[in-house]
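Worksheet for the structure shown next.
The values are calculated or read from the model by the stated rules, or taken from the named source; none is laboratory data. Because the structure is a prediction, the values reported are computed rather than measured. Methodologically, a virtual Cβ is constructed for each residue, glycine included, from the backbone with ideal geometry; neighbour enumeration extends over all protein chains shown. We work out accessible area using only protein heavy atoms, side chains counted, and drop any ligands, DNA or RNA first. Shrake-Rupley method; radii C 1.70, N 1.55, O 1.52, S 1.80 Å.
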Amino acid sequence: MSKTKKAAPKKSGYYEYKGVIGKDEYGFEIRKSFYSKKGPRDAKEKARKYIEQHAVEEAIGPTGTEPDILFCTVARKWLAIYKKGNVKGNTYYGTYEIPVEKHLIPYFDKVGIRKICHTDIQRFINKKSKSYAKGSVKKMMACLKSIFDMAVADNIVSKDPTHGQFSKPKYRSSPAKRFYTKPQRDRVIAFAKTYSGPGALEVITLLKTGISRSELLGLKPENVLPNQCLDIVQGTVAVKDEKSGKRVILSDGLKNKFRKRTIPIDSELFELLQQKPRTVTFTKGSRKGKTVTPKFLFFSPCGKVWDPDNWRCRAYEPFMQAMHKANPDIPILHAHELRHTFATLLKEDGADDFYIMRMCGWSSSEMFRTRYGHFDPEVAREKLGLT
């Protein structure tokens, strides 16, 4: 370093120190002035710090100036590398893509991931808990934790703000699941036997087997076994195609290994399923007179696999509305609530938890005790012998 030119300050009141900070391409020294109001020593100290920092940057690059990476970039990288293609399409869409694309990214928008702190995440939880149930917020947080796990492992962030305890707000309560009592179930089935429109046999099957809507629409004729059993080996689900972005229907197995099962059915349902038409003959349009044999047991009017939402709108809901019109005292339930009905009535009939678990395709009987089992006061009255 060169010496201070002047011991006295300049007219501006600042002391100047000229230091050599390097050499140009021709070997000439590059000088830079440093100023201080305190005195020449302070100006010289500023020069020393600058030169040291400059030497570090020359060796390893700038420190502390690396641009922050946007949260949305890291989140989508996590989806693409760790989840897409590694889990089933419906699991990817419902458990990972929706929480990330619909909730996490819109909330944190274009914030740098290093700027997100524990307090920001608590605010996110507080906001989402006002509109969503605890289970939904739990999915969002599971994705957020995994995103930061990857960010820490890749040295994108040095600290994970999802660690530590979060305050648990009052979450929005999920609508209570309903179920039919045994007399109501029997009346719904009796109405279905006389109903000529679509959806009747599907409702009977749901009430008598407890299978899910996905499993129902995934049934094929060969899944109705000669020994009066249903072989549950696949389900259908609507997902977004990665290339076209359009909605497509997949039938590529089940949600988990416990869902694969063979369940017994009564002779009445077996006969109804055996009698169900296996072909579709078109009566109008360019395909008039043409007959096709659908792959699935329950199929759309054109003989194709049902889109779950189309089935609900065109078959299930019209049936339920007709049933309710004929039986005003019986409520309209969602298709999944028929599964709740099956499990509850099976328990009321004295079935062991093990058989309920296997019939419904759960990994443990805990699912029945915490979510699917419902209490009927009238049944309790009868079992307790109360009058």
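Going through (1) in a helix (DSSP H, G or I); (2) open to solvent by less than 30 Å² (accessible area, probe 1.4 Å) one by one, I156 falls short only on (1). Here A190 fulfils each of the conditions (1) farther than 22 Å from Y355 by Cα; (2) outside any loop (DSSP other than H, G, I, E, B); (3) free of Cβ contacts under 8 Å to residues at least 40 places away in the same chain; (4) in contact with a helix residue (DSSP H, G or I) (Cβ under 7 Å, 6 or more places away or on another chain) apart from (4).
Listed here are the residues, each with its yes/no results for (1) of a type in the set (V, I, T); (2) under 22 Å from P183 (Cα atoms); (3) not in a loop (DSSP other than H, G, I, E, B).
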site: T262; (1), (2), (3): yes, no, yes
site: P301; (1), (2), (3): no, no, no
site: R314; (1), (2), (3): no, no, yes
site: L345; (1), (2), (3): no, yes, yes
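Scanning region 193-215 for residues that are under 22 Å from the mean Cα position of the chain (by Cα), assigned to a helix (DSSP H, G or I) and not basic (K, R) turns up S214, E215. Can you name the residue in region 38-74 that is part of a loop (DSSP other than H, G, I, E, B) and of a type in the set (D, E) and, of all such residues, is modelled with the highest pLDDT? Only one residue tops the list, namely D68. Taking region 171-218 as the range and being farther than 20 Å from P331 by Cα and open to solvent by 30 Å² or more (accessible area, probe 1.4 Å) as the test, the residues that pass are Y171, R172, S173, S196, S214. Counting only residues that are more than 29 Å from the chain's Cα centre (by Cα), open to solvent by 40 Å² or more (accessible area, probe 1.4 Å) and of a type in the set (V, I, T), region 219-238 holds 0 of them. Whenever a residue of region 130-156 is polar (S, T, N, Q), its partners that are open to solvent by less than 50 Å² (accessible area, probe 1.4 Å), lying with C-beta atoms within less than 7 angstrom and at least six residues away or across chains, give the pairs S146/W78.
Can we say D160 is of a type in the set (D, E) and under 18 Å from A75 (Cβ atoms)? Break it down into steps so the answer makes sense when it comes.
Numbers: of a type in the set (D, E): yes; under 18 Å from A75 (Cβ atoms): yes.
Taking the combined requirement at face value, the residue satisfies it.
Every condition in (1) closer than 28 Å to G135 by Cβ; (2) open to solvent by 40 Å² or more (accessible area, probe 1.4 Å); (3) touching a helix residue (DSSP H, G or I) at 6+ places or on another chain (Cβ under 7 Å) holds for K168 except the one numbered (3). When residues in region 307-352 are screened for being surrounded by 15 or more Cβ atoms within 10 Å (Cβ to Cβ) and charged (D, E, K, R), 8 of them pass.
Per the listing D252, D266, the residue uniquely open to solvent by 20 Å² or more (accessible area, probe 1.4 Å) and free of Cβ contacts under 8 Å to residues at least 60 places away in the same chain is D266. Of D309, D329, all but one fail to be among the acidic types (D, E) and in a helix (DSSP H, G or I); the exception is D309. Restricting region 75-112 to residues that are among the charged types (D, E, K, R) and part of a helix (DSSP H, G or I) leaves a set whose member that is farthest from the chain's Cα centre (by Cα) is K77. Among the residues of region 269-280, just one is open to solvent by 80 Å² or more (accessible area, probe 1.4 Å) and either touching a residue at least 12 places away in the same chain (Cβ under 8 Å) or among the β-branched types (V, I, T) (or both), namely Q274.
In region 11-21, the condition of being outside any loop (DSSP other than H, G, I, E, B), at pLDDT below 75 and open to solvent by 60 Å² or more (accessible area, probe 1.4 Å) is met by no residue. Please determine whether any residue of region 161-182 is in contact (Cβ under 8 Å) with a residue 40 or more places away in the chain and assigned to a helix (DSSP H, G or I). For region 161-182, residues in contact (Cβ under 8 Å) with a residue 40 or more places away in the chain and assigned to a helix (DSSP H, G or I): present. For the structure I just gave you, tell me whether L386 is among the aliphatic types (A, V, I, L, M), open to solvent by 20 Å² or more (accessible area, probe 1.4 Å) and modelled with pLDDT under 85. Yes, satisfied.
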